[in-house]
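Presented below is the structure to which this report refers.
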Amino acid sequence: MTTTTQDTPLVSEQQRAVEEELIETVVASFEHAPDARLKTVMQSLTRHLHAFVREVRLTEAEWSAGIEFLTAAGHITDDKRQEFILLSDVLGLSMQTIAVNNEAVGDATEATVFGPFFVEDAPEIPLGGDIAGGAKGQPCWIEGTVRDTSGRAVPGARIEVWEADEDGFYDVQYGDERVAGRAYLNADEQGNFTFWALTPTPYPIPHDGPVGRMLQAVRRSPVRASHLHFMVTAPGLRTLVTHIFVEGDPQIEIGDSVFGVKQSLIKRFEPQAPGAPTPDGRDLAGQDWARARFDIVLAPAAA
Ligand code: BEZ
Ligand code: FE
């Protein structure tokens, strides 16, 4: 007699018993783990991995291809390139982990992927300063407030900002020691902040390795929707890692390669005519520019 379940295609009762017995044996092997959380994670991982193999009836050739893929990911990974995080990103696993760990609280700003291009020790800029540091692109005035979920201003909140230039490169990809397109600033006593950045443009994630080859094999684009990264910290409040996206960017419809877009994070970047007066009187020598507003709400820190 053959049976089928939601997860397992048609197999004989005898075959099914063999497969299920193996799962129970492996699950039981973790029974005496002294760390209860580790035991839970390993047992659940075992059940899900076996369910996957049984559902797709994974061939031995496919198993080998998977091992080769992971080996290649290991080989390309070093202290600058992290192919396993990239894999997690393009599978939506990073965004799922972020969703699980950043529970919605009131109107708290939504979180999104961290990405590989954050660097510690970025320079400090004053309110109204410029993060570009020589990176090329259209100047963009960003303004907003930092508040908590009760609507109270968060004075002095630390705001880290980083982005790619108009050619889609972060400073760490230039191959020299330049620091550009990144900085931090502190909100004022009323939680307000302003700074100059560059209007974000779309760019691909690193796609010259196994993850890029996988995207190519399944005809998926490596391109990310245009975005500006933020990390906002303040005592007693949950650290927010997020981006803002550009309303009307066609890549939002096409699809962000790491599933980072949230509707609430899409902001209007209002184009300004060449020579239009700037909010702080900065002389842009007749260049066009843009402006956007991002009001940030921080959730309480977990108890
Ligand atoms: C980025 O935002 O730059 C990024 C995010 C995830 C993977 C690769 C790049
Ligand atoms: Fe990015």
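For this structure, a couple of remarks:
- Selected residue [closer than 26 Å to Glu143 by Cα and open to solvent by 50 Å² or more (accessible area, probe 1.4 Å)] from Gln173, Gln216, Gln190, Gln251: Gln190
- Taking (1) open to solvent by 40 Å² or more (accessible area, probe 1.4 Å); (2) in contact with a helix residue (DSSP H, G or I) (Cβ under 8 Å, 6 or more places away or on another chain); (3) more than 12 Å from ligand 1 (Cβ to nearest atom) in turn, Phe259 satisfies each apart from (3).
- Hits in segment 54-85 (condition: under 21 Å from the mean Cα position of the chain (by Cα) and charged (D, E, K, R)): Asp78, Asp79, Lys80, Arg81, Glu83
- Those residues of segment 22-40 which are over 19 Å from Val53 (Cα atoms), open to solvent by 80 Å² or more (accessible area, probe 1.4 Å) and not in a loop (DSSP other than H, G, I, E, B), in sequence order: Arg37, Leu38
- Residue match in segment 219-228 (condition: open to solvent by 10 Å² or more (accessible area, probe 1.4 Å) and either polar (S, T, N, Q) or more than 19 Å from the chain's Cα centre (by Cα) (or both)): yes
- Of all residues making up segment 282-303, the number that are within 22 Å of Gln190 (Cα to Cα) and open to solvent by 20 Å² or more (accessible area, probe 1.4 Å): 6
- Looking only at residues of segment 88-110 that are open to solvent by 90 Å² or more (accessible area, probe 1.4 Å) and within 13 Å of ligand 1 (Cβ to nearest atom), we find that the one that is farthest from Ala302 (Cα to Cα) is Leu91.
- Among the residues making up segment 26-61, those that are small (Gly, Ala, Ser) and closer than 25 Å to Leu10 by Cα are Ser44, Ala51, Ala61.
- Identity of the residue in segment 137-153, in contact with a Gly (Cβ under 8 Å, 6 or more places away or on another chain) and hydrophobic (A, V, I, L, M, F, W, C), that ends up most open to solvent (accessible area, probe 1.4 Å): Ala153
- Restricting segment 222-254 to residues that are outside any strand (DSSP E or B) and in contact with a Ser or Thr (Cβ under 6 Å, 6 or more places away or on another chain), the residue that is farthest from Asp165 (Cα to Cα): Thr239
- From the list Thr97, Thr112, Thr145, the lone residue that is at negative phi and in a strand (DSSP E or B) is Thr145.
- Search result, residues across segment 62-87 that are within 16 Å of ligand 2 (Cβ to nearest atom) and either touching a residue at least 60 places away in the same chain (Cβ under 8 Å) or open to solvent by less than 30 Å² (accessible area, probe 1.4 Å) (or both): Lys80, Arg81, Leu86
- Scanning segment 255-281 for residues that are in a loop (DSSP other than H, G, I, E, B) and under 25 Å from Asn186 (Cβ atoms) turns up Phe269, Thr278, Pro279, Asp280, Gly281.
- The set of residues in segment 283-299 that are without any contact (Cβ under 8 Å) to a residue 12 or more places away in the chain and either over 16 Å from Pro139 (Cβ atoms) or of a type in the set (A, V, I, L, M, F, W, C) (or both) contains only Ala285.
- Within segment 176-198, the residues that satisfy the criterion of being in contact with a Pro (Cβ under 9 Å, 6 or more places away or on another chain), within 16 Å of ligand 1 (Cβ to nearest atom) and under 22 Å from Gly281 (Cα atoms) are Ala197, Leu198.
- Residue match in segment 265-274 (condition: open to solvent by 20 Å² or more (accessible area, probe 1.4 Å) and among the acidic types (Asp, Glu)): yes
The values are calculated or read from the model by the stated rules, or taken from the named source; none is laboratory data. Fair warning: this is a prediction, and the values are worked out from it, not measured in the lab. Note: ideal-geometry Cβ built from the backbone for every residue, glycine included; neighbour counts use all protein chains shown. All accessible areas refer to the heavy atoms of the entire protein, side chains included, with ligands and DNA or RNA removed. Shrake-Rupley method; radii C 1.70, N 1.55, O 1.52, S 1.80 Å.
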